[in-house]
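Here the structure comes first, spelled out in structure tokens, and everything after it is commentary.
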Amino acid sequence: MSSDRSLARCSFCGRRPPEVRRMVAGPGAAYICDTCLQLCNEILHDPTPFSAKALELASRPPVVIAAPQELEEGSLALPREAVRTINVELEQKQHDMVLMLHQLEFYEQHFELHYLWIRPPLSRGFAFIPRIIFLVRDNTGLQWMGDRGGMLLARPELASDPNRAVYQGSARFRPLPSPEAHTLIVLAADPLGQFEDSVPNLWEFEISI
């Protein structure tokens, strides 16, 4: 399906073609402007996994573009039946927040990490649920960034304290770890933490696989 390029908006900052020098078209309704492309290049060349620029980019409100998507003929969705599931049940407290890792699922070509994030409700003015950024590495030296960045769903019914909000999320990684891998180190960061008076440390977990 073709889309009207005159309605293009940068998927990262929301600006339109008259407001930027260049706009690069991606699949469907995805676009990126030259300014955001330069920022992404700077993040890629920054050796720090959770740099200030990466956290700033991740904390931006999402740019919502209504565009119907059609599957190409013959394309197949990713299989939803996990080949292997590990119940993790790890949690860490930091300031007034708790991050709980509760399940690791392995599929044929990727693996997913499922978690709960318990924290005070977001301040007024935030019209979205922020992402948690994950960096995973195994004992062989391979490392992954979650290619979904942590999709979050609000689950207030899970909060026993009315002053707390519970967000249920997952992050997807590919490819699978090698057969020699037996340990995963999971680092996680809250992008909004950079705006706090006391910047929180990274969450760090170790999972035996």
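Take the residues in the range 30-54 that are not hydrophobic (A, V, I, L, M, F, W, C) and not in a helix (DSSP H, G or I), then tell me which one is farthest from D190 (Cα to Cα).
Only one residue fits best here, namely Y31.
Counting only residues that are modelled with pLDDT of 90 or more, surrounded by 19 or more Cβ atoms within 10 Å (Cβ to Cβ) and outside any strand (DSSP E or B), how many does the range 150-209 have?
1
Of all residues in the range 27-71, how many are open to solvent by less than 50 Å² (accessible area, probe 1.4 Å), within 18 Å of G14 (Cβ to Cβ) and at pLDDT 85 or above?
Residues meeting the conditions: 7.
Kindly list the number of the only condition in (1) modelled with pLDDT of 85 or more; (2) surrounded by 15 or more Cβ atoms within 10 Å (Cβ to Cβ); (3) out of contact with any His (no Cβ under 8 Å at 6 or more places or on another chain); (4) not aromatic (F, W, Y) that fails for V83.
(2)
Any idea how many residues of the range 5-26 are within 20 Å of the chain's Cα centre (by Cα) and either open to solvent by less than 70 Å² (accessible area, probe 1.4 Å) or farther than 30 Å from L202 by Cβ (or both)? Before the answer, list the steps.
Looking only at the range 5-26, we keep the residues that are within 20 Å of the chain's Cα centre (by Cα), and these are 10-14, 26.
Then drop every residue that is not either open to solvent by less than 70 Å² (accessible area, probe 1.4 Å) or farther than 30 Å from L202 by Cβ (or both), which leaves 10-11, 13-14, 26.
Of the residues in the range 5-26, 5 are within 20 Å of the chain's Cα centre (by Cα) and either open to solvent by less than 70 Å² (accessible area, probe 1.4 Å) or farther than 30 Å from L202 by Cβ (or both).
The values are calculated or read from the model by the stated rules, or taken from the named source; none is laboratory data. Please read all numbers here as calculations on a predicted model, not as lab measurements. Quick reminder, even Gly has a Cβ in these numbers, built from the backbone with ideal geometry, and neighbours come from all protein chains shown. Note: accessible area is taken over every heavy atom of the protein model, side chains too, but ligands, DNA and RNA are not part of it. Shrake-Rupley method; radii C 1.70, N 1.55, O 1.52, S 1.80 Å.
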